Amino acid sequence: MTTNYSLSQLGWTSFFLQQLSLDEWGVCTPSRVVAQHRSYLELINEHGKQKLSLASDMPLLTVGDWLLLDGAGHFHRALKRLSFFSRKAPGSKLVSQSIAANVDTVFVTCSLNSNFSLNRIERYLSLVKDAGADAVVVLTKADHCEDAISYVRKVQALDPLLVVEAVNGLDAASAECLDVWCREGKTVALLGSSGVGKSTLINTLLGHEEQATGLIRDADGKGRHTTTARTMHFMASGGILLDLPGMRELQIADCEQGVKETFTDISDLEKQCRFNDCHHQNEPDCAIQAAIALGKLESRRLASFNKLMQEQAFNSASLAEKRANDRSRTRYYRSVSSHAKQRKKGWS
C-alpha cells in the first residue's frame, strides 16, 4: 500500500517555498529525491512515488534534493540546498562525490570498541559543519563497553557545546535520547565508518528490521559492512531517516571552514601567535605550543588539525586543477568542432 505524505512531512519548509516564483506556484510539483540510480531518480511528492529519467541538461542531483516538476511531470529545475554533503571520491580519482542534501541533523556514529577514534570523529564533524547541518555524536555498542561515560567525556572535551550520546543500538529505550532530533519533517542522516552499528540503530529507530546487519569480527572488533546504497526511511515519529553507506575512506576537500569550526580552540589560539604565518612548530611566542606545554591542548588534536587542513588543501587544489583542465579541454574540442564546421561550409 502506497502512503501519501504532505510536503511538510517530506521536509518542505519556508526555505524552499520562498524559492518558487508566482508562475511556478500551483503549476509545478515539488518533489524530493529519495534514491539515485544510474539512469533515473526515485522521487516522492504529495502524489506518491515516481521515477524521473536522467537527462544530460539536468544538474547533478543527490538523495535529499528538492526539485520541481512541470505540469507534464518533466524536470523543471532544482531548488537551492539547505545543506549539502560531498567528499573526494575514494582512491586516486580526482572527482567530487555527492553524498546527501538538505539534512537537518547528522548522527556521527562511532562504536565503543577498539575501533573508537577521536581523529575519525573530528574528520566527520568537519564534514558536517562545512555542509551546514547540526551534528550529534552517537557512540554505539555501549552494551559492549564497561565505562561508556569515560568515552563520552573524551568526545565532549572536543567541544563543550557538542551533543554526545552513548546508546545500545539494540535497545529502543536506550535510543530514545535521539528522538528529539527525529520529529516530523526533520531529516536525520547517519554517518560513520563501516561496521559501527548504523544498520542496527536504524532498525531500532524505525521499529522494524529494514537493514541487514553484520556480525563483529573477533580479530579486530570491526563490523562487516552491510549498507551499500543511500536510502531514505520514514520513522513512526514522522522524522526522515537517511542512511549512508559506511565509508572506509573519507577524504575531505574544500572543507577549510568546516575544519576550523571543528577546531575552534586551535583557531582561537592561532590569533594569539606572534606571527600570522606561524606553523606552530618551533616559532617563538607560539600560543598553541604554549597551550600544549601547559596541558591545555593535546598534541594529538593539533596533529589531527594539521592533517585535515593539509588534506583538504591538497584535494581542493587537485580538484580545482582537474576542473580547469576539463574546461580547457572542452574549449579546445569546441574550437576544433567550430573550425571543422566552417571549413565544411566553405567547401559546400
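Every number in this text was worked out from the coordinates using simple rules, so none of it is lab data. Only a predicted model underlies this, so the values are computations on that prediction, with no experimental measurement involved. Here Cβ is always computed from backbone atoms with ideal geometry, including for glycine, and neighbour counts include all displayed protein chains.
Got the relative contact order for the range 260-321 handy, in percent, Cα pairs under 8 Å and 6 or more residues apart?
21 percent.
Past 22 Å, Cα to Cα: identify those pairs from Lys141/Lys198; Lys198/Lys296; Lys154/Lys307; Lys198/Lys307, in the order given.
Values: Lys141/Lys198 10 Å; Lys198/Lys296 34 Å; Lys154/Lys307 20 Å; Lys198/Lys307 27 Å.
Correct reply: Lys198/Lys296; Lys198/Lys307.
Please work out the FRET efficiency for the pair His37 and Ala173, using the Cβ-Cβ distance as r and a Förster radius of 30 Å; give the result to the nearest 0.05.
0.20
Shape verdict for the range 34-86, please, from the Cα gyration tensor: rounded (a/c under 1.5), prolate (a/b greater than b/c) or oblate.
rounded
For the peptides 231-239, 137-145, 274-282, 123-131, what is the packing order when you average, over each peptide's residues, the other Cβ atoms within 10 Å and list the highest mean first? Write down the numbers at each step before the final one.
Details: 231-239: 17.4, 137-145: 22.0, 274-282: 10.8, 123-131: 24.0.
Ranked by mean Cβ neighbours within 10 Å, highest first: 123-131, 137-145, 231-239, 274-282.
Once each part is reduced to its C-alpha centroid, what is the distance from the range 42-78 to the range 180-211 in angstrom?
That distance is 25 Å.
Check Ala166: other-chain or 5+ apart residues with amide H under 5 Å from its amide H, H built from backbone geometry?
Residues meeting the criterion, in which the H sits 1.01 Å from N, are Leu139.
Checking the cross-link filter: which aspartates and glutamates have an alpha carbon closer than 16 Å to that of Lys129, excluding same-chain neighbours under 8 positions apart?
Asp104, Asp159, Asp254, Glu256, Glu261, Asp265
Fewest Cβ neighbours within 10 Å first, please rank Val136, Val167 accordingly.
The most exposed by this proxy come first: Val136, Val167.
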